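Heads up, the thing below is written out as structure tokens.
The values are calculated or read from the model by the stated rules, or taken from the named source; none is laboratory data. What you see is a predicted model; the values in this text were computed from it and never measured. So basically every Cβ, Gly included, is an ideal-geometry build from the backbone, and we count neighbours across all protein chains shown.
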Amino acid sequence: MKRVVLLNLAIILAMAHLQGADTIQVKPNQVPILIDRADNVLFYVRVNARESKELNEVNLRFANSMNMVEVEAVKLYYSGTEAPQRFGEVHYAPVRQYVSSHTPGMTRKANPSYSIKVAEVLSPANEVTLTSNYKLFPGINYFWISLQMKPDASLLTTVDVDFTTGKLDGKQAPLHFANESKPFRLGVGVRHAGDDGSAAYRIPGLVTSKEGTLLGVYDVRYNSSVDLQEYVDVGLSRSTNKGQTWE
């Protein structure tokens, strides 16, 4: 009888410890990976540090079917703490975009104001460990995981990757996922804000010629992204290799 009581007590204590342990909250991104970007968001990471002092590491696993030769680097960034005006809400990043979709000169790399690189693995294998030992502030801490592809990566490649484990204070932490992780398709940014002195490119269209050439058309909005009346031209780019490169 005494053994049963002690066993039940041990189970209760273990469950209480698990429930009280800080959790690594993960939100997989659902936006295509751009080959011409130095940074693409794979995962948003949120740690509410009630007891934990350090994020030691996070671990990823790429599918065996993926050609890892095409991957340049996997990076872990720290991006700050929660703003007081957002206390009580659940967010996975302190800013809307870590890589801007519209700010000239900021559409191909991480926003330095919210991206302190704390770990990086170059030419990774399928199993990736990002070791940071980064000290946490009490409360919400934000991180994100970035993927950089090599310039010659194929558009036909899909990136299938899982966030498998993470450690806080040297111990494996519970994980909570905000949504299901799905494979990423690859893409190319044909035109970016700031290219050729234009503030924005909008309203794209795409056709294929009889010869198989891809023709992309779009607004070239020189001064801003707003609609007419403004200084706007029509631009044209073409690809003769099924979208891999453009001219």
List the number of the failed condition for residue 95; all other conditions in (1) within 25 Å of residue 188 (Cα to Cα); (2) among the β-branched types (Val, Ile, Thr); (3) in a strand (DSSP E or B) hold. (3)
Can you pull out every residue in the stretch 68-90 that is modelled with pLDDT under 95 and outside any helix (DSSP H, G or I)? 82, 83, 87, 88, 89, 90
Whether any residue in the stretch 174-185 is within 30 Å of residue 89 (Cβ to Cβ), touching a helix residue (DSSP H, G or I) at 6+ places or on another chain (Cβ under 8 Å) and either in contact (Cβ under 8 Å) with a residue 60 or more places away in the chain or among the aliphatic types (A, V, I, L, M) (or both) is what I want to check. yes
Output the residue which, of all residues in the stretch 137-155 that are over 8 Å from residue 186 (Cβ atoms) and more than 17 Å from the chain's Cα centre (by Cα), is surrounded by the most Cβ atoms within 10 Å (Cβ to Cβ). 140
Please find, within the stretch 69-92, the residue that is farthest from residue 189 (Cα to Cα) out of those that are among the hydrophobic types (A, V, I, L, M, F, W, C) and surrounded by 15 or more Cβ atoms within 10 Å (Cβ to Cβ). 76
Give me a count of the residues in the stretch 219-247 that are farther than 12 Å from residue 198 by Cβ and among the basic types (Lys, Arg). 2
Subset of the stretch 164-194, residues more than 18 Å from residue 22 (Cβ to Cβ) and crowded, with 16+ Cβ neighbours inside 10 Å, comes to 181, 184, 186, 187, 188, 189, 190, 191, 192, 193, 194
